[in-house]
Amino acid sequence: MNVNGIGSDRIEAMMAQLKAASTRPAGGIGPAVKVTPEPAVAKVDFADALKNSIAQVSEAQLKAGEQGKAFTMGDDKVSLSDVMVSMQKASIGFQATVQVRNKLVSAYHEIMNMQV
């Protein structure tokens, strides 16, 4: 079908060119960039994330303590290397938690000292 002397195949070709041009960077130089919408990401509440992290550190400390107690009692299923690794994991997790707490307290003090 002709619309004012232009065929539908020509209109479709022009539409394709316009779509391709709209995905190129400013200036039209360079290859076409396909724009895809970002997938929806579940929102995480800061308080929940902090609570979960503290729970994981607590769980690691309890596990390390239980393994240490089992090794001390002479349990053959628990090796010294397993006990040492779990204690180091718990220690590193605790140290990281303390550092995060220190940064949060520092940020809180900085915000409270800001003049409005």
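Can ASP82 be described as part of a helix (DSSP H, G or I), more than 18 Å from LEU50 (Cβ to Cβ) and at pLDDT below 95?
When the stated conditions are applied, ASP82 passes them.
Do we find a residue being among the charged types (D, E, K, R), in contact (Cβ under 8 Å) with a residue 12 or more places away in the chain and on the phi < 0 side of the Ramachandran plot anywhere in region 54-64?
Yes, the conditions are met somewhere in region 54-64.
Checking the structure you have, find out if any residue of region 66-79 is assigned to a helix (DSSP H, G or I) and under 19 Å from ILE54 (Cα atoms).
Scanning region 66-79, I find at least one residue that is assigned to a helix (DSSP H, G or I) and under 19 Å from ILE54 (Cα atoms), so the answer is yes.
Quickly run through region 57-85 and pick out the residues that are open to solvent by 70 Å² or more (accessible area, probe 1.4 Å) and touching a helix residue (DSSP H, G or I) at 6+ places or on another chain (Cβ under 7 Å).
GLN61, LYS63, PHE71, LEU80, ASP82
Within region 28-51, is there a residue that is at pLDDT 95 or above, of a type in the set (A, V, I, L, M, F, W, C) and open to solvent by 100 Å² or more (accessible area, probe 1.4 Å)?
no
Does GLN88 fit the bill of being surrounded by fewer than 14 Cβ atoms within 10 Å (Cβ to Cβ) and either in a helix (DSSP H, G or I) or touching a Leu at 6+ places or on another chain (Cβ under 7 Å) (or both)?
Yes; evaluated as a whole, the condition is true for this residue.
The values are calculated or read from the model by the stated rules, or taken from the named source; none is laboratory data. Since the structure is predicted, the reported quantities are computational estimates derived from the model, not experimental observations. For neighbour counting, all protein chains shown are included, and Cβ atoms are generated from backbone atoms with ideal geometry for every residue, glycine included. The area values use the complete protein model at the heavy-atom level, side chains included, leaving out ligands, DNA and RNA. Shrake-Rupley method; radii C 1.70, N 1.55, O 1.52, S 1.80 Å.
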